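Colleague: Quick one: structure below, then a few questions.
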Amino acid sequence: MLNALSPTRRQRAQHMTLVQWAESRGLEFLARRNGSCGFVGEWSGQPVSIDLQPSGRPYFEGWEISARVEVGVQASAGMVLMNRPLKLTMERWADYVYAQITNVVQTMADTLPEEVRWLAAYRDAGWSGPAAEFFDRYAVLTDGLDETRQLIDQDTVDALMHWPEDVRSAQSPLLLMRLRSKLHLCLQLDADRHKPSELHALDLFERMARRLLAQARAVNSLA
């Protein structure tokens with residue numbers, strides 16, 4: 001039985017907004033050290049995990065919330081969506097990484113972080129449909145435009161353009177990725193966490209995940 005001083009109970013209370021969101025979707029709360037926590041479970045029989053923790057990414061500051069789901073089929077193309085300011089930050093970081101690599105005798109393909117390879121391998125795409133303001137705010141990097149257009153549908157565009165708070169929330173560093181057989185979301189958190197923007201991001205992630213899982217079930221049923 002948990003008592004009032006239980007670290008797990010304290011963390012549940014601290015992160016109750018996220019706990020309620022996650023548990024209503026069948027995910028189990030996991031308390032971790034230093035205030036970090038996670039949620040794990042399955043959607044449509046596929047593993048899902050969400051983590052709230054200090055960010056280890058050199059282009060994020062402070063804390064992050066990250067979510068990932070195995071969707072059950074391999075993507076034929078990769079897609080990485082990010083805010084335009086984050087893309088500039090990552091490009092500066094990539095320049096630093098390249099400079100460090102030139103100073104050592106190593107194979108570049110083996111030493112480049114995956115994020116740097118995105119910037120080199122994927123083109124910054126655009127297509128008709130979304131308003132110009134969408135591509136002013138976000139960069140969509142991909143090597144497969146047709147698949148990316150299906151993934152970033154109008155509901156996704158609307159969610160990305162209409163955050164529940166002020167423009168600062170819309171500009172918080174965000175990564176949305178469809179890579180190999182997984183969908184990922186990473187959002188930098190401000191010191192005042194659990195605002196509506198975090199739930200808005202997770203709702204977006206869930207909608208996309210559910211759609212991909214349904215598509216995967218349809219593909220697998222025909223195999």
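Colleague: Right, Ser66: in contact (Cβ under 8 Å) with a residue 24 or more places away in the chain and at negative phi or not?
Modeller: Values: in contact (Cβ under 8 Å) with a residue 24 or more places away in the chain: yes; at negative phi: yes.
In short, yes.
Colleague: Hey, another quick one. Which of the residues spanning segment 59-85 are out of contact with any strand residue (DSSP E or B) (no Cβ under 7 Å at 6 or more places or on another chain) and either surrounded by 18 or more Cβ atoms within 10 Å (Cβ to Cβ) or assigned to a helix (DSSP H, G or I) (or both)?
Modeller: Of all residues in segment 59-85, those out of contact with any strand residue (DSSP E or B) (no Cβ under 7 Å at 6 or more places or on another chain) come to 59, 73-74, 76, 85.
Listed by number, the residues that qualify are Tyr59, Pro85.
Colleague: Given (1) free of Cβ contacts under 8 Å to residues at least 40 places away in the same chain; (2) charged (D, E, K, R); (3) more than 20 Å from Trp21 (Cα to Cα), identify the lone condition not met by Arg137.
Modeller: (1)
Colleague: Looking only at segment 177-201, count every residue that is small (Gly, Ala, Ser), modelled with pLDDT of 90 or more and surrounded by fewer than 16 Cβ atoms within 10 Å (Cβ to Cβ) and tell me the total.
Modeller: Here is the first cut: in segment 177-201, the residues small (Gly, Ala, Ser) are 181, 191, 197, 201.
Remaining after also requiring modelled with pLDDT of 90 or more: 181, 201.
Retained after the next criterion (residues that are surrounded by fewer than 16 Cβ atoms within 10 Å (Cβ to Cβ)): 181.
Residues in segment 177-201 being small (Gly, Ala, Ser), modelled with pLDDT of 90 or more and surrounded by fewer than 16 Cβ atoms within 10 Å (Cβ to Cβ): 1 in total.
Colleague: From the list Gly45, Gly56, Gly41, which one is open to solvent by 20 Å² or more (accessible area, probe 1.4 Å) and within 28 Å of Arg123 (Cα to Cα)? It would help to see each step written out before you state the result.
Modeller: Values: Gly45 fails: within 28 Å of Arg123 (Cα to Cα); Gly41 fails: within 28 Å of Arg123 (Cα to Cα).
Going through Gly45, Gly56, Gly41 in turn, just one is open to solvent by 20 Å² or more (accessible area, probe 1.4 Å) and within 28 Å of Arg123 (Cα to Cα): Gly56.
Colleague: Take the residues of segment 86-105 that are of a type in the set (Val, Ile, Thr) and in a helix (DSSP H, G or I): which is surrounded by the fewest Cβ atoms within 10 Å (Cβ to Cβ)? Before you say what the answer is, go through the steps one by one.
Modeller: Of all residues in segment 86-105, those of a type in the set (Val, Ile, Thr) come to 89, 97, 101-102, 104-105.
Applying the additional criterion that residues be in a helix (DSSP H, G or I) yields 89, 97, 101.
Values: Thr89: 17, Val97: 18, Ile101: 15.
Going through the qualifying residues, I end up with Ile101.
Colleague: Can you run down the residue pairs with Cβ atoms below 8 Å, 6 or more apart or on separate chains, where the first is in segment 83-102 and on the phi > 0 side of the Ramachandran plot and the partner is at pLDDT 80 or above and surrounded by fewer than 12 Cβ atoms within 10 Å (Cβ to Cβ)?
Modeller: Nothing qualifies.
Colleague: Might you check whether a residue that is open to solvent by 20 Å² or more (accessible area, probe 1.4 Å), more than 22 Å from Ala22 (Cβ to Cβ), modelled with pLDDT of 90 or more and of a type outside the set (S, T, N, Q) occurs anywhere in segment 202-210? So that I can check it myself, show each step before the final result.
Modeller: Filtering segment 202-210 for residues open to solvent by 20 Å² or more (accessible area, probe 1.4 Å) gives 203, 206-207, 210.
The next check asks that each one be more than 22 Å from Ala22 (Cβ to Cβ); those that pass are none.
Within segment 202-210, not a single residue is open to solvent by 20 Å² or more (accessible area, probe 1.4 Å), more than 22 Å from Ala22 (Cβ to Cβ), modelled with pLDDT of 90 or more and of a type outside the set (S, T, N, Q).
Colleague: Mind listing just one residue for me: the one in segment 116-126 that is open to solvent by 30 Å² or more (accessible area, probe 1.4 Å) and part of a helix (DSSP H, G or I) and, of those, modelled with the lowest pLDDT?
Modeller: As a first pass, look at segment 116-126 and keep what is open to solvent by 30 Å² or more (accessible area, probe 1.4 Å): 117, 119-124, 126.
Pick out the ones that are also part of a helix (DSSP H, G or I) and you get 117, 119-121.
Working: Arg117: 80, Leu119: 85, Ala120: 83, Ala121: 86.
Restricting to residues being open to solvent by 30 Å² or more (accessible area, probe 1.4 Å) and part of a helix (DSSP H, G or I), the top hit is Arg117.
Colleague: Is one or more of the residues making up segment 9-21 in a strand (DSSP E or B) and either modelled with pLDDT under 90 or of a type outside the set (A, V, I, L, M) (or both)? Can you show your working first?
Modeller: Within segment 9-21, the first condition is being in a strand (DSSP E or B), and the residues that meet it are none.
Checked segment 9-21: no residue is in a strand (DSSP E or B) and either modelled with pLDDT under 90 or of a type outside the set (A, V, I, L, M) (or both).
The values are calculated or read from the model by the stated rules, or taken from the named source; none is laboratory data. Predicted, not measured: the structure shown is a model, and the values here were computed from it. Virtual Cβ from ideal backbone geometry, glycine too; neighbours counted across all protein chains shown. Side chains included, ligands, DNA and RNA excluded: accessible areas come from the protein's heavy atoms. Shrake-Rupley method; radii C 1.70, N 1.55, O 1.52, S 1.80 Å.
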